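Structure first, commentary second.
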Amino acid sequence: MLRTHNCGELREQQIGEKVTLSGWVQKSRDLGGLTFIDLRDRYGITQLTFNMDENAALCEQARKLGREFVIQIQGTVRERSSKNDQLPTGNIEIDVDEIKVLNKSKTPPFTIESETDGGEELRMKYRYLDLRRPPLQEKLILRSKLAMQIRNYLSGEDFIEVETPYLIKSTPEGARDFVVPSRMHEGEFYALPQSPQTFKQLLMVSGYDKYFQIVKCFRDEDLRADRQPEFTQIDCEMSFVEQEDVLDTFEAMMKKVVKEIKGVDLPKFPRMSYAEAMEKYGSDKPDLRFGMEFHNLNELAQGKGFNVFDQSDLVVGINAEGCAEYSRKQLDALTNYVKTPQVGAKGLVYVKLNEDGTIKSSVDKFYSQEDLQAWADKMGASKGDLLLVLSGDTNPTRSAMNALRLHMGKELGLRKGDEFAPLWVVDFPLLEADEESGAMHAMHHPFTSPKVEDLDKLESAPLEVRANAYDMVINGVELGGGSIRIADRPTQEKMLSLLGFSDEEAKAQFGFLMDAFEYGTPPHGGIAFGFDRICALLGGTDSIRDYIAFPKNNAGRDVMIDAPAKVDDEQLEELHLKVVKK
Ligand code: ASP
């Protein structure tokens with residue numbers, strides 16, 4: 001071994017011991033007679049000292065070491081005269097006898113310390129250097145620990161981890177597929193899985209009963225901050241279960257993991273229907289760390305001569321408690337916020353319930369003090385509070401109010417990083433209609449079963465049919481979602497036909513699954529979690545990118561290896577892809 005200890009483990013107990021350490025030169029300080037070097041590895045930092053009076057040649061050698069040189073030293077542990085209580089090794093230092101340079105380093109393009117001066121793009125290009133920094137190391141270590149715990153938990157519950165193929169045929173999860181041209185089969189393509197959905201269902205047909213896999217999935221979507229074209233799921237499926245069994249199993253898993261990683265006991269997860277979530281929070285993934293529920297003001301606010309409200313499908317308000325003191329400037333900022341294209345509202349109505357009992361609003365012309373007091377009563381608001389009201393078509397208004405609620409929650413410090421508010425959102429609609437074409441899509445995916453009690457509406461009012469589908473949400477983040485599946489051929493055929501598949505198309509795409517359903521299929525259901533998202537939530541950051549060793553940037557590129565990239569003509573020809581010459 002090139003070391004007797006790592007750079008994070010020496011303490012006062014080892015004073016007097018001869019040791020060998022290896023690591024990277026993080027920093028060196030030259031104080032005339034004395035030179036200090038911080039030697040770093042993934043376990044920590046140990047201070048090395050060199051004394052000009054005692055060994056001038058060695059001291060000279062130490063001074064020549066550049067940042068990020070990889071060295072091996074031998075020396076004796078001794079007590080530090082000026083201790084550093086910020087470092088676990090801060091009571092000791094190494095009095096070095098010998099240095100060996102294992103490898104040199106160019107000067108790194110940014111500082112490799114907890115706080116760095118490197119910009120985002122530069123750090124992505126030199127990701128292997130960025131990954132040396134402690135905050136990133138902590139994140140990948142958290143990820144590894146989490147994966148271990150999940151494997152332990154699930155295998156303790158008799159789940160078996162089975163690998164499913166990456167070169168498959170398209171599985172619809174609502175995104176575009178990444179396709180891979182086949183060399184051996186001209187003009188044919190594999191697709192990379194958007195999820196192992198059909199395979200895990202086939203494993204249930206095969207009798208595996210409880211399956212899981214920590215697995216890469218690929219979706220060719222437009223990128224957003226918390227999306228990556230390849231990401232990791234904890235994918236699970238169970239046989240002979242009903243919805244409650246799935247929810248219980250995975251609620252217990254999440255509780256265990258959060259307890260072990262964060263030391264926090266999660267409460268029992270409340271259940272909320274999709275309809276209630278949309279009505280109260282304008283979102284199917286409400287952040288329940290704070291209240292500020294929506295209140296419908298249609299009855300109170302319409303018919304009083306204020307055209308904007310009268311012409312709206314929905315007039316909805318939230319109560320920002322204790323915000324009556326908001327200044328003109330603050331209110332203008334909120335108005336500008338709701339008018340940004342991402343939020344999309346046309347304007348914002350406010351009502352201030354002043355401490356002196358007066359009420360001041362931006363619609364005083366149309367509403368008396370009594371009218372406004374009635375709004376306040378309906379919203380449970382009192383003196384000192386500020387009511388914020390939006391109006392318009394139902395869906396866009398709900399979604400704008402959701403944005404405003406989250407914005408206010410953040411502004412008021414109500415979305416605390418160390419609090420966890422979990423819930424299950426249940427009873428999702430089975431189908432949704434495309435706004436432009438009117439075509440119906442499966443809201444979850446085409447293998448999700450409708451609720452038995454809604455089956456009679458499948459033909460007459462398909463959009464009202466609810467699904468046996470559920471999402472786990474914590475702090476406004478959808479961590480996972482799943483459903484109880486369709487397990488027989490006729491229902492699956494009917495579902496695909498509702499979604500606009502002809503019989504031939506349905507057979508061509510999903511014949512294998514429907515054939516399998518005819519050979520003794522157990523009732524089954526499951527769920528998949530976004531593993532990167534769980535890491536980010538437990539690690540306390542918004543972006544999943546930090547938890548992925550080698551992520552893509554915002555444009556879906558890996559700027560380190562420079563992918564995607566062109567391939568040469570020969571390769572294209574071999575793949576039977578036409579070479580288009582310019
Ligand atoms: N395959 C689904 C997804 O990726 C999860 C599931 O239904 O189990 O969202």
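The values are calculated or read from the model by the stated rules, or taken from the named source; none is laboratory data. All values reported here derive from a predicted model rather than from experimental measurement. Cβ sites come from the backbone with ideal geometry, for glycine too, and all protein chains shown count toward neighbours. Ligands, DNA and RNA are excluded from the accessible area calculation, which covers all protein heavy atoms including side chains. Shrake-Rupley method; radii C 1.70, N 1.55, O 1.52, S 1.80 Å.
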Q: Determine the dipole magnitude for region 386-432: charges of +1 sit on the beta-carbon of Lys and Arg, -1 on that of Asp and Glu, nothing else is charged, the reference point is the Cα centre, and the result goes in debye to the nearest 20.
A: 180 debye
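Ranked from highest to lowest mean number of other Cβ atoms within 10 Å per residue, what is the order of the peptides 493-500, 459-466?
Working: 493-500: 17.4, 459-466: 13.5.
Descending mean neighbour count gives 493-500, 459-466.
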Q | Unsatisfied cross-links (Cα-Cα over 29 Å) in the set K285/K552; K18/K139; K255/K378; K169/K210; K200/K507 | A | K18/K139; K255/K378
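With 14 Å as the cut-off, how large is the P(r) tail for region 188-255, expressed as percent of Cα-Cα pairs? Don't jump to the answer; show the numbers that get you there.
Working: 1534 of 2278 pairs.
Here the long-distance tail beyond 14 Å is 67 percent of all Cα pairs in region 188-255.
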Q.
In 10 Å bins starting at zero, report the fraction of Cα pairs in region 308-390 per bin as a rounded %.
A. 17, 53, 28, 2
Q) Accessible surface of R151 in the full protein assembly, 1.4 angstrom probe, to the nearest 10 Å²? A) 80 Å²
Q) Measuring from label point to label point, each 7 Å out along Cα→Cβ, what is the F240 to R67 span in nm? A) 6.2 nm
Q. Roughly to the nearest percent, how much of the accessible area of the chain is carbon and sulfur, given a 1.4 Å probe?
A. 49 percent
Q: Could you pull the Cα extents of region 12-56 along its three principal axes, largest to smallest, in whole Å?
A: 30, 25, 15
Q) Which of the lysines could a cross-linker span from K106 if the Cα-Cα distance has to be under 25 Å and same-chain partners fewer than 8 positions apart are dropped? A) K27, K64, K125
**Q.** Computed lengthening from N395 to D418, 0.36 nm per intervening residue step minus Cα-Cα distance
**A.** 5.1 nm
Q. To the nearest Å, what is the center-to-center distance of region 402-465 and region 292-348, using C-alpha atoms only?
A. 24 Å
Q: Can you tell me the order of 91-101, 314-324 when each peptide is scored by its average per-residue count of other Cβ atoms within 10 angstrom, highest first?
A: 314-324, 91-101
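Calculate for the chain the 222 nm mean residue ellipticity that helices alone would give, adding -39,500 (n - 2.57) per DSSP H run of length 4 or more and normalising by residue count, nearest 500 deg cm²/dmol. Display every interim value, and only then the final one.
Values: 17 runs with 170 residues, N = 582.
Using -39500 (n - 2.57) per qualifying helix, the result is -8500 deg cm²/dmol.
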(Q) Considering only C-alpha atoms, what is the centroid distance from region 85-150 to region 524-582, in Å? (A) 25 Å
Q: Over all alpha-carbon pairs in the chain, figure out the percentage whose distance exceeds 33 Å.
A: 59 percent
Q. In square angstrom, rounded to the nearest 10, how much accessible surface does W424 have for a 1.4 Å probe?
A. 0 Å²
Q: Give the accessible surface of the chain per residue, rounded to a whole number of Å², with probe radius 1.4 Å and ligands, DNA and RNA excluded.
A: 50 Å²
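What dipole magnitude, in Debye to the nearest 20, does the chain give about its Cα centre under +1 on Lys/Arg Cβ and -1 on Asp/Glu Cβ? Show your work: numbers first, answer last.
Details: 73 positive and 97 negative charges, 421 e Å.
Once rounded to the nearest 20, the dipole reads 2020 debye.
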Q. Using Cα pairs under 8 angstrom and six or more residues apart, how large is the relative contact order of region 308-404, in percent?
A. 45 percent
Q. Simple spin-label model, 7 Å along Cα-to-Cβ: R557 to N307 in nm?
A. 5.0 nm
Q) So, by mean Cβ neighbours within 10 angstrom, what's the order for 29-38, 263-272 with the highest one leading? A) 29-38, 263-272
